[in-house]
1. Rank Gly67, Met100, Asn160 by how far each Cα sits towards the positive end of the charge dipole of the stretch 46-188 (+1 on Lys, Arg Cβ; -1 on Asp, Glu Cβ) and give me just the farthest.
2. Where nothing but the Cβ of Lys and Arg (+1) and of Asp and Glu (-1) is charged, how large is the charge dipole of the stretch 54-110 around its Cα centre, in debye to the nearest 20?
3. Could you give the length gained by full extension between Arg189 and Asp35, i.e. 0.36 nm per residue of separation minus their alpha carbon distance, to one decimal place?
4. At what distance in angstrom do the alpha carbon centres of the stretch 180-226 and the stretch 14-70 lie from each other?
5. Among Ala296, Ser253, Pro276, pick out the residue whose Cα is farthest towards the positive end of the charge dipole of the stretch 226-303, where Lys and Arg carry +1 and Asp and Glu carry -1 on C-beta, about the Cα centre.
6. In percent, how large is the relative contact order of the stretch 135-176, given Cα pairs closer than 8 Å and 6 or more residues apart?
7. Can you sort His258, His6, His68 from fewest to most other Cβ atoms within 10 Å of each residue's own Cβ?
8. Kindly express, to the nearest 10 degrees and within the range 0 to 90, the angle between helix 15-29's C-alpha long axis and the longest C-alpha principal axis of the chain.
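Every number in this text was worked out from the coordinates using simple rules, so none of it is lab data. Keep in mind it's a predicted model, so treat the numbers as computed, not measured. Using ideal geometry, Cβ is built from the backbone for each residue, glycine included, and neighbour counts are taken over all protein chains shown.
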Amino acid sequence: MTSTRHFLTIPDFTRPELLALFDLAARMKRPGYTDTPLAGRTLGLIFAKSSTRTRVSFEVGAYQLGGHALFLSSRDIQLGRGEPIRDTARVLSRYLDGIMIRTFDHADVEELASYASIPVINGLTDLLHPCQVLADLLTVRESLGTWDGKVVAWVGDGNNMANSWINAAGSLGFELRLACPDGYGPDARILARNQAKTRITLTTDPCEAARGAQVVTTDVWASMGQEQEQEVRARAFQGYIVDAALMRLADPSAIFLHCLPAHRGEEVSEEVFEGPRSRVWDEAENRLHVQKALMATLMGGWQ
Ligand code: CP
Ligand code: NVA
């Protein structure tokens, strides 16, 4: 067991550390940034689930900072044949300077981190998707100036994205309203912990959540690993679409966010997704910038 610094969940960073991360991401995003804090360093990317954005943004980000990223599908490495996580962690720590992992069970990522002597970054678990919410927050800051005093509305499944938004609200102190169908709410412990820190409400009514909100955000109804529940979920989530009518209830300045991939006509209408309030492409781009800042902070040679 080691005391190496990891990023498994947003509260792993203090509020000042999060603010510094966003400042660094903004600096790295500006043209002319040429520092190479990852020179000579390698990040391993373990994927047990599919990915477009996470894989490409980490690979490109590591390269742009002078480092290297190694794609490790869990189907190909011995982890997928049953080599224990704790053994994988200690072996990879002898070669690499950091590990990003995307997998199912959050406890597996915690175990990897507890046995690794290099930083571990959570690239999505069934419980959390913290890197995505960092990118979303950077997008909010760029579009609205700040999240202070703003209301974020989450409409749909109480999934890994919702849980990370709850953590973000608790860490940064903005108001979050979640509208989820009965039985599809967020993690109860994460919710309770953060409701002690800021105003977070849970309702089954999307209109109640969206009314006056400055950010409206959603995600697919069936996440990776829940494909066999697609039909049951489609019935349970009827009425949870972010469409133009729902956006009209939000603040006139409101932006729409979606982590992608999106299912048009299910959780979001084509009109909203492609419309003037949508920031989804900036949001996807910002994965690159926040993760570069994250890699530099955790693995960078200048620290
Ligand atoms: N939003 C996100 O994490 O996308 P990928 O599944 O493509 O990595
Ligand atoms: N909630 C989705 C997010 C995908 C980026 C999933 O876990 O599949």
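1. Gly67
2. 100
3. 51.4 nm
4. 29
5. Farthest along the dipole direction, towards plus: Ala296.
6. 44
7. So the ranking, lowest neighbour count to highest, is His68, His6, His258.
8. That helix lies at roughly 80 degrees to the long axis.
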